[in-house]
1. Any residue at all in segment B:40-54 that's surrounded by fewer than 19 Cβ atoms within 10 Å (Cβ to Cβ), within 11 Å of DNA strand C (Cβ to nearest atom) and at pLDDT below 95?
2. Looking at segment B:78-91, which of its residues are open to solvent by less than 30 Å² (accessible area, probe 1.4 Å) and touching a helix residue (DSSP H, G or I) at 6+ places or on another chain (Cβ under 9 Å)?
3. Among the candidates A:L81, A:L108, A:L98, which residue alone is at pLDDT 90 or above and in contact with a Lys or Arg (Cβ under 7 Å, 6 or more places away or on another chain)?
4. Being under 28 Å from B:Y120 (Cβ atoms) and among the aromatic types (F, W, Y) is the requirement here; does B:Y95 meet it?
5. Considering only residues that are more than 8 Å from chain B (Cβ to nearest Cβ) and in contact with a helix residue (DSSP H, G or I) (Cβ under 8 Å, 6 or more places away or on another chain), look in segment A:18-34 and name the one that is surrounded by the most Cβ atoms within 10 Å (Cβ to Cβ).
6. Do any helices (runs of 4 or more DSSP H) lying entirely in segment A:1-114 carry at least 2 residues that are under 30 Å from B:Q141 (Cβ atoms) and within 16 Å of DNA strand D (Cβ to nearest atom), and which ones are they?
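The values are calculated or read from the model by the stated rules, or taken from the named source; none is laboratory data. Being a predicted model, the structure only gives us computed values, none of them experimental. Cβ sites come from the backbone with ideal geometry, for glycine too, and all protein chains shown count toward neighbours. Side chains are part of the model used for accessible areas, which takes the heavy atoms of the whole protein and leaves out ligands, DNA and RNA. Shrake-Rupley method; radii C 1.70, N 1.55, O 1.52, S 1.80 Å.
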2 protein chains.
Amino acid sequence: MKAKAAGLGSCNCLSLRQAARHVSQFYDQQLAPFGLTLNQYTILVRLAVLGAAPITAVAQDLVMDRTTLTRNLKPLQAAGLLTQKPSDSDRRSQYLSLTSRGEHVFALATPAWAAAQARYEQEVGAGQAAALRQLLHNVVQTPLLG
Amino acid sequence: MKAKAAGLGSCNCLSLRQAARHVSQFYDQQLAPFGLTLNQYTILVRLAVLGAAPITAVAQDLVMDRTTLTRNLKPLQAAGLLTQKPSDSDRRSQYLSLTSRGEHVFALATPAWAAAQARYEQEVGAGQAAALRQLLHNVVQTPLLG
DNA sequence: GCACGATAAGTGTAATTGCACGCAAAATGG
DNA sequence: CCATTTTGCGTGCAATTACACTTATCGTGC
């Protein structure tokens, strides 16, 4: 009997987690000089691109737990990069929006993020990177739990 | 000027993290009835497939931090699924090996893992899943940090 | 206008993770 | 053979994450 197929290499989930850890370390390293983690930078992107929004909406866009987002907001608020204020029409909703300082830091950090993207795509291959993103997008959209 | 391309959908790292979270939740749910997290099950696989090995070697195989592995071992040892004993030739090395009980639980949990794999591959597509694993493997092998 | 459930957020808490550090055993080399 | 460096592990600690719960506000029906 031939050796049992690698239970390790064939696990879809493990390969995802390992790759995510590997790439996260790299992106975090690139963004560290600006005092941002990838998660924090991602929040800035979301607000910069799509504008102000309530916490729950942002969390859904980022596929993050709402409470995790809440805690990720703290250091950003403390650094004066974004503000949070209740909506006029619904005082339960806390609208998040970038401050001018937030936009500034976002503009400063974006080249570092772009450099990380470029380095990654150079190493992995631009076509493969695009294919990978598409596959991952499909995976996230796929309902599995139940 | 047209709207800036989605900074969100185009981030390689974010798409990886989101997919990893999404799929991890599913696998963990499938393995929960056996009292195993995906990480713990992965450790059993590693030992079942490749046999006994020192902690550092296992950590490298699994692309896990060594200290994280050490802590993941605790509940498995407490449950009597694996044992840890110093090598005869090098008493620094702690050799990990499955107990018969560990092999038993591994055999019990493997169908659940296989079912998760099958469900995932059914939803995502077997061909796409294989392509994704290959791409992810490439990514993990790619040196990025520096 | 008021009681009711539904929705948006914040907090307590526990599990997980990984870096920095310390300790013991082995290898090196004078 | 002893001193030094290297290697294999465990632990303290802080950061991150997410589930369960609480609070405040909104909408509905009576």
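1. Scanning segment B:40-54 turns up no residue that is surrounded by fewer than 19 Cβ atoms within 10 Å (Cβ to Cβ), within 11 Å of DNA strand C (Cβ to nearest atom) and at pLDDT below 95.
2. Matches in segment B:78-91: B:G80, B:L81, B:L82.
3. Answer to the selection: A:L81.
4. No, not satisfied.
5. Step one: of segment A:18-34, the residues more than 8 Å from chain B (Cβ to nearest Cβ) are A:28, A:30-34.
Narrowing the set further to residues that are in contact with a helix residue (DSSP H, G or I) (Cβ under 8 Å, 6 or more places away or on another chain) leaves A:28, A:30-31, A:33-34.
On the way: A:D28: 17, A:Q30: 25, A:L31: 22, A:P33: 10, A:F34: 18.
Within segment A:18-34, the match that is surrounded by the most Cβ atoms within 10 Å (Cβ to Cβ) is A:Q30.
6. Where helices (runs of 4 or more DSSP H) fall fully within segment A:1-114 and carry at least 2 residues being under 30 Å from B:Q141 (Cβ atoms) and within 16 Å of DNA strand D (Cβ to nearest atom), they are A:12-31, A:38-50.
Matching residues to (1) touching a residue at least 24 places away in the same chain (Cβ under 8 Å); (2) in contact with a Leu (Cβ under 6 Å, 6 or more places away or on another chain); (3) within 8 Å of chain A (Cβ to nearest Cβ); (4) open to solvent by less than 60 Å² (accessible area, probe 1.4 Å):
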position: B:S93; (1), (2), (3), (4): yes, no, no, yes
position: B:L98; (1), (2), (3), (4): yes, yes, no, yes
position: B:L108; (1), (2), (3), (4): yes, no, no, no
position: B:P111; (1), (2), (3), (4): no, no, no, no
position: B:A115; (1), (2), (3), (4): yes, no, no, yes
position: B:Q122; (1), (2), (3), (4): no, no, no, no
position: B:G127; (1), (2), (3), (4): no, no, no, yes
position: B:A130; (1), (2), (3), (4): no, no, no, yes
position: B:R133; (1), (2), (3), (4): no, no, yes, yes
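Matching residues to (1) in contact with a helix residue (DSSP H, G or I) (Cβ under 8 Å, 6 or more places away or on another chain); (2) under 28 Å from A:L132 (Cα atoms); (3) not hydroxyl-bearing (S, T, Y):
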site	(1), (2), (3)
A:T37	yes, yes, no
A:V45	yes, yes, yes
A:G51	no, yes, yes
A:P54	no, no, yes
A:D65	yes, yes, yes
A:P75	yes, no, yes
A:L96	yes, no, yes
